[in-house]
Amino acid sequence: PQGPRRVTDLRPSPAGPDRSQAGFTLLELMISLSLLGVMLAMAYSVFTTALMAVPRGEDVAARSARFRAATSILSKQVRSAVNYPAHAENDDVFPYFWGDPASFSFITAAPQHRGGEGLGWVTYWTDGRSISMGERLIFSADSVSGDAPDPSSQTVLLDGLSSARFEYLRLEIGRAHV
């Protein structure tokens with residue numbers, strides 16, 4: 001019965017490596033350095049691609065936020081359109097709304113000026129590459145007191161579009177007008 005071997009009994013076997021010849025060959029070093037170089041090049045390209053993607057992602061996020069804000073303003077004002085009486089040359093009274101493929105104008109109870117109080121005469125227009133908005137307060141508490149500053153303003157809501165136009169449904173005709 002053999003017992004456990006002691007640490008002092010452990011000796012290198014005669015088939016083990018010769019200490020005078022231990023190390024790597026030149027070929028092994030060249031292969032390992034080549035593989036390291038390829039891996040570093042791949043890591044560098046992934047890193048630079050990721051760095052270039054960050055500004056593009058920020059641009060997309062900024063454009064998306066601007067689009068959401070513009071559509072929110074436009075839909076809020078359209079939903080708040082007022083049946084404001086306009087008079088035709090023949091004294092007919094009709095709700096004020098004017099539009100063509102490049103612009104439209106109406107009266108809203110949700111103007112962007114002065115905290116959204118009063119009525120605003122709003123016009124949206126496009127040059128095909130951008131959508132702009134102009135607004136003028138036509139009635140507010142400040143305008144009655146005479147303290148209101150010049151309430152007209154214009155701003156570009158969206159720009160850099162590939163194309164833009166407005167479409168309407170004319171109830172008299174019953175089809176979309178482009």
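Values as computed for the structure displayed
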| quantity | calculated |
| --- | --- |
| Residue-span extension gain [Ala102 to Val78] - 0.36 nm each, minus C-alpha spacing | 7.0 nm |
| Area accessible to solvent at Arg136, 1.4 Å probe radius, in Å² | 110 |
| Sum of side-chain charges, Pro101 neighbourhood, beta-carbon under 10 Å (Lys, Arg +1; Asp, Glu -1) | -1 |
| Surface accessible to a 1.4 Å probe, Ile107 within the full protein complex, Å² | 10 |
| Carbon plus sulfur fraction of accessible area for segment 18-133, probe 1.4 Å, in percent | 65 |
| Unit charges on C-beta of K, R, D, E only; dipole of segment 25-89, Debye | 400 |
| Solvent accessible area, Å² - Asp91, 1.4 Å probe, full protein context | 120 |
| Net length gained if the chain between Asp91 and Met52 were fully extended (0.36 nm per residue, minus Cα distance) | 7.8 nm |
| Nonlocal amide H pairs with Val82, under 5 Å, H built at 1.01 Å | Ile107, Thr108, Ala109 |
| Phe104, Phe94, Phe47, ranked by accessible area, largest first (probe 1.4 Å) | Phe47, Phe94, Phe104 |
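The values are calculated or read from the model by the stated rules, or taken from the named source; none is laboratory data. What you are looking at is a predicted structure, and each value in this text was computed from that prediction instead of being measured. Quick reminder, even Gly has a Cβ in these numbers, built from the backbone with ideal geometry, and neighbours come from all protein chains shown. To get the accessible areas, we keep the full protein, side chains included, count just its heavy atoms, and leave off ligands, DNA and RNA. Shrake-Rupley method; radii C 1.70, N 1.55, O 1.52, S 1.80 Å.
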